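Trainee: The structure follows.
The values are calculated or read from the model by the stated rules, or taken from the named source; none is laboratory data. Model, not experiment: these values are computed from the prediction. Cβ placement follows ideal geometry from the backbone for every residue including glycine, while neighbour counts extend to all protein chains displayed.
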Amino acid sequence: MKMLSFAVALQVGIRHVAAFSTSNVVGITGSNAASRSAMTRCFSTMRPIDSGVSRVETLQFLLSKHGAPGSAGCKEANDLESIASIDDAELLNLHPHLHPIARSKSTGNYICALRRAFAEEGASSTMYASSNKAPWPIVETKLGGMGMKVLALNSEHLMRRIVCECDFAGTGDEIIASYNEGLGQEQLNDAALDIPYQRGSVEKLGYGVDKYVLLKVGPFSDIYESLALGHAKGGDESSSLISAEAANGKMTGFGSTFRFYARLLRSFPNREEEARDAARMCLRLPLPSIGMEMDDFREVAVLGQLAEDADSDDDVRSKLQSMYQSYVDHEKDDPHASQGKTPESMAIDEANYLIDTTALKGGEWKEIRSDLAKIYSSVGYNEMAKFVDPSL
């Protein structure tokens, strides 16, 4: 019965998927807060991240103690060091939309918050300013990397997951106590997460920590992948695909979920065309969201039947660029696609094109910051321009 009810919940949707924002970082008090303050200065005053990254100092503390669940190179406890200043020149070679939060001492990988630029059809500058209050997803990346790996839709989801894992493992009393500080004061828009975590909650539900997190916290692509692979190993193709499709629907705007979906489809018989289409879907999403490594982009090209395993990296990039450009050109030639587009929308398209093509070239992000800032400034998005080009 428990497994059945979980499957139903997975198909219907997760209650806490809706993103939330907060205009103020929750205040931190007490001796634990004092020690964290000494470790991490409040760099949020340097850039406007308060509304996008909730309780950033608490997040840094939890990451430093526990590591980042779902990451490739930031999982280890006591390995992540908080970023106390963004003045380091080498940080300019991070993706321009990223704000660094922590860095792995062992791998050099970074945990960052992703500030996305929005411009919906008919959007005004007021609507754009409002959209910037949306929470920023938390991702893993590298300096000069082609892209990123999504970890969570927002900081509160990631922190709650860390606490759940600590509780289930019977460790981390300090982490749970630090996480609970400031909660219950109506500072978060998601009331379900604005309550202190109760020890024993994972065990009480009885599904294990991963399924508890999906049901009670929010969506995480790596957990969906684990579920999908588990179902596939057990011969349940339908449940496997449902799990992967749930990730596509919940983690919107990230090509990495479709990359995994394509790989999963390819593992089942008679699904080559579906796998191809899923892989090519990655090229219609922000290209840096495909993944951190060249191998991630290669996988999309091979599964999308655009390249061969034996192709060089340069050939893979070229073939991906060719298909990507065909999609861009098709949209430009479609009168319905451009009808009613505002200057803001067109500027966002231009910025996205610059970012996507830079990713395919290998991720020399510092080289495009000035041009990217000019695009945003041209339509009055001055705050975004300053974010991507700190020299302004």
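Trainee: When the range 361-380 is examined, which residues are found to be under 20 Å from Met323 (Cβ atoms) and surrounded by 22 or more Cβ atoms within 10 Å (Cβ to Cβ)? Break it down stepwise before answering.
Mentor: First, the residues of the range 361-380 that are under 20 Å from Met323 (Cβ atoms): 361-363.
Across the range 361-380, the qualifying residue is only Gly363.
Conditions tested, residue by residue: (1) buried (at least 17 other Cβ atoms within 10 Å of the Cβ); (2) among the polar types (S, T, N, Q).
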position: Asn248; (1), (2): yes, yes
position: Phe260; (1), (2): yes, no
position: Met294; (1), (2): no, no
position: Val316; (1), (2): yes, no
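Trainee: If you don't mind, there's one more thing I want to ask. Can you confirm whether the range 343-358 contains a residue that is in a helix (DSSP H, G or I), polar (S, T, N, Q) and at pLDDT below 95? So that I can check it myself, show each step before the final result.
Mentor: Here is the first cut: in the range 343-358, the ones in a helix (DSSP H, G or I) are 343-358.
Right, trim to polar (S, T, N, Q) and you get 345, 352, 357-358.
Of the ones still in play, those that are also at pLDDT below 95 are 345.
Looking for residues that are in a helix (DSSP H, G or I), polar (S, T, N, Q) and at pLDDT below 95, one finds at least one in the range 343-358, hence yes.
Trainee: Residues of the range 216-235 being of a type outside the set (A, V, I, L, M, F, W, C) and part of a helix (DSSP H, G or I), which ones?
Mentor: As a first pass, look at the range 216-235 and keep what is of a type outside the set (A, V, I, L, M, F, W, C): 216, 218-219, 221-222, 224-226, 230-231, 233-235.
Selection gives Lys216, Ser221, Asp222, Tyr224, Glu225, Ser226, Gly230, His231, Lys233.
Trainee: Then there's this: If you take the residues of the range 191-215 that are in contact with a helix residue (DSSP H, G or I) (Cβ under 7 Å, 6 or more places away or on another chain), touching a residue at least 40 places away in the same chain (Cβ under 8 Å) and not aliphatic (A, V, I, L, M), which of them is farthest from Ala262 (Cα to Cα)?
Mentor: For the range 191-215, the residue satisfying everything is Gly206.
Trainee: Quickly run through the range 161-179 and pick out the residues that are free of Cβ contacts under 8 Å to residues at least 40 places away in the same chain, surrounded by fewer than 16 Cβ atoms within 10 Å (Cβ to Cβ) and closer than 17 Å to Leu59 by Cα.
Mentor: Of everything in the range 161-179, just one residue is free of Cβ contacts under 8 Å to residues at least 40 places away in the same chain, surrounded by fewer than 16 Cβ atoms within 10 Å (Cβ to Cβ) and closer than 17 Å to Leu59 by Cα, namely Asp173.
Trainee: Moving to a separate point now. So in the range 370-392, with the set limited to residues that are of a type in the set (A, V, I, L, M) and part of a loop (DSSP other than H, G, I, E, B), which one is modelled with the highest pLDDT? Write out each step before concluding.
Mentor: Applying the first criterion (of a type in the set (A, V, I, L, M)) to the range 370-392 yields 372-373, 375, 379, 384-385, 388, 392.
Now restrict to residues that are part of a loop (DSSP other than H, G, I, E, B): 379, 392.
Details: Val379: 95, Leu392: 91.
Across the range 370-392, the extreme among qualifying residues is Val379.
Trainee: As an exercise: evaluate Leu306 against (1) touching a residue at least 12 places away in the same chain (Cβ under 8 Å); (2) over 18 Å from Leu91 (Cβ atoms); (3) exposed (fewer than 15 other Cβ atoms within 10 Å of the Cβ); (4) not polar (S, T, N, Q) and give the number of the one condition it does not meet.
Mentor: Every listed condition holds for Leu306 apart from (3).
Trainee: Name the one entry in Ser201, Ser240, Ser155 that is assigned by TED's automatic domain parsing to the domain that holds Val53 and buried (at least 22 other Cβ atoms within 10 Å of the Cβ).
Mentor: Numbers: Ser201 fails: buried (at least 22 other Cβ atoms within 10 Å of the Cβ); Ser240 fails: assigned by TED's automatic domain parsing to the domain that holds Val53.
Just a single option satisfies the conditions, and that option is Ser155.
Trainee: Which of (1) in contact with a helix residue (DSSP H, G or I) (Cβ under 9 Å, 6 or more places away or on another chain); (2) touching a residue at least 24 places away in the same chain (Cβ under 8 Å); (3) farther than 26 Å from Ser256 by Cβ; (4) not β-branched (Val, Ile, Thr) does Tyr376 not meet, given it meets every other one?
Mentor: Failing condition for Tyr376: (3).
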